[in-house]
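A short worksheet on the structure shown next.
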Amino acid sequence: MRHPNRDGRSRQRMPSVGFALRLRYDGPSAMRALFLIFPLVCLLAIARAWPSDPRPPVRYRLIYSAPGSASVHVRIDLLGSATAARTLLIPRAVPMGYGEEPYDQFVSNVSAFDAAGQPLPVTRADGPRWHVGAAARVEYDVDLVQMERSIQDATDSSRVRANYVSLLGYSVFGFFEGAQELPVELEVEAPKDWPAFSTLAPAGGVLRAENFYALADSQTILGPGLHLAQVQYARENDTPLTLASYSEAPVDQARLQRLSGEAMAAMSEYFDGPASPPFPYYTVFLEFLKPLSQHHSYGFGMEHLESFHAAMEAANADPASLSDARLRYHIAHHIAHAWIPKRCYGEGYYPFSWDRAPRIDTIWFSEGFAQYAAIAALAPDQQQREEMLDRRFRGVLRESPPGLRRMPLRELSLLASTQYAADFRIGQLTFSRGGLMAAEMDNRIRAETHGQKTLRDALRHLIAWSAQNRRAFRIEDLSARFREATGVDTRDILDRWLAPLD
Ligand SMILES: [Zn+2]
């Protein structure tokens, strides 16, 4: 998966787009920055000068034309002359979403043009695909209002309000099949005087992504309803942290900043100690929304390479509804995913199959071990760690249905690959078995090393192995990796938790 170049920030430039990109920061310093217009030619010059990847980027343009508009327009230019027929694919699967959403249903007016600008015939193909001939450019519209109505898991949908638009990359961006590993540049066109923010460059600058995955995994947020703040926190020099929020109820911004900073500091300390995290910046993006209908569900969060976003009910803006401890854990849990599984993963996570949810047999690791890491990082002492384990994991085991308990854990994970949130008993039992496996391993490593090592050392070693090898680990190799780091054998714990519970 992606391992950002930390030096990249120094090469960033102002956005070179034919409109104003304004980033508003309401930190304690109340700093406000206005990023102004640069000619398009400037962007092209910078793109050619980009030293890290000699290939010309695929250029995406995202156009939201007027406040209140129900749809967004997408244009994709693939440089170089096309001779072979191309296919446009719109995602149906969400990375780490463990399910599918029919984003192609909200796409209309697909048009294609050759390198000379001449229109080409477009035909709908199997699955979420369109045949677009030897296209050098495609354009289409995405109906955001219909998307939000149809997709009932609010965290999986983009949305539009009179003063606000949020766009999840995978819900609006498609790609030419076969070109998904090419570097990407994105331009965003917002209504006049609307602030625009992208998680690809929280401090402003040219919007670049290493490949389609990184573009699809980003979020673009527009409009005066968006609140942006640079979070001041313990590790701000290691990882600049931005809080992006939109709320349909009164919300205490200072509280959101404090909890985001505490969560990020705890996870940085857990996974990297005094070293810097493997990403140059991070965004916590929180929405508090009045439910669209009684069928819509709110409260799930989604992790990304350099951000976390959550669509929560407006009532959760009130600490009486969602306490400091619960919200801090919610944020920390998803920040933990920036290491596991975004940068340390089992088979099926990457490369990603965009047209269907991949079957993954290590969700117990991705979810269980990442959540255990958040618990271990946040709990101030052993007693509170045990209380959190009980609340989060053991309670789920006690109430789990026999049919799911009898499934081997890898099989349960394969089921969770598409049913994780659709029937949350499946998701919960998957991560609870993994979380309790992690806790038992941690206890043994602490005991046998007399407190000199913990599971944290094992996970840091596995993450370093993943960064070096840039591929998925195999379940069969986990125990060996952990023993390399700690000298402790955890194989029997792994085997016992992989087996059926009853
Ligand atoms: Zn999770």
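The values are calculated or read from the model by the stated rules, or taken from the named source; none is laboratory data. Given the structure is predicted, the values throughout are model-derived calculations rather than measurements. In this analysis, Cβ positions are derived from the backbone assuming ideal geometry, glycine residues included, and neighbour counts consider all displayed protein chains.
Per-residue answers, yes or no, for (1) within 16 Å of the ligand (Cβ to nearest atom); (2) modelled with pLDDT under 95; (3) surrounded by fewer than 23 Cβ atoms within 10 Å (Cβ to Cβ); (4) assigned to a loop (DSSP other than H, G, I, E, B):
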{"residue": "245", "(1), (2), (3), (4)": "no, no, yes, no"}
{"residue": "251", "(1), (2), (3), (4)": "no, no, yes, yes"}
{"residue": "260", "(1), (2), (3), (4)": "no, no, no, no"}
{"residue": "265", "(1), (2), (3), (4)": "no, no, yes, no"}
{"residue": "320", "(1), (2), (3), (4)": "no, no, yes, yes"}
Residues of segment 293-306 being away from the ligand (no atom under 14 Å from the Cβ) and either surrounded by 15 or more Cβ atoms within 10 Å (Cβ to Cβ) or in a strand (DSSP E or B) (or both), which ones? 296, 297, 298, 305, 306
Give the number of residues within segment 72-96 that are modelled with pLDDT of 95 or more, over 22 Å from residue 126 (Cβ atoms) and surrounded by fewer than 20 Cβ atoms within 10 Å (Cβ to Cβ). 3
Take the residues in segment 107-130 that are among the hydrophobic types (A, V, I, L, M, F, W, C) and in contact with a His (Cβ under 8 Å, 6 or more places away or on another chain); name whichever of them is surrounded by the fewest Cβ atoms within 10 Å (Cβ to Cβ). 125
Quick check on segment 426-437. Is at least one of its residues under 30 Å from residue 177 (Cα atoms) and touching a helix residue (DSSP H, G or I) at 6+ places or on another chain (Cβ under 6 Å)? no
List pairs: first residue in segment 424-439 and basic (Lys, Arg), second residue within 13 Å of the ligand (Cβ to nearest atom) anywhere in the structure, Cβ distance under 7 angstrom, at least six positions apart or on different chains. 433/364; 433/368
Among the residues of segment 363-389, the number that are over 13 Å from residue 429 (Cα atoms) and among the β-branched types (Val, Ile, Thr) is 1
Taking the stated definitions as given, is residue 410 in a helix (DSSP H, G or I), within 16 Å of the ligand (Cβ to nearest atom), of a type in the set (Lys, Arg) and not assigned by TED's automatic domain parsing to the domain that holds residue 179? no
Only one of 102, 121 is more than 16 Å from the ligand (Cβ to nearest atom), modelled with pLDDT of 95 or more and out of contact with any strand residue (DSSP E or B) (no Cβ under 9 Å at 6 or more places or on another chain), namely 102
Look at residue 281 and say whether it is more than 23 Å from residue 231 (Cα to Cα), aromatic (Phe, Trp, Tyr) and out of contact with any Leu (no Cβ under 6 Å at 6 or more places or on another chain). no
Considering each of 336, 325 in turn, give the residue that is modelled with pLDDT of 95 or more, within 11 Å of the ligand (Cβ to nearest atom), aliphatic (A, V, I, L, M) and closer than 29 Å to residue 255 by Cβ. 336
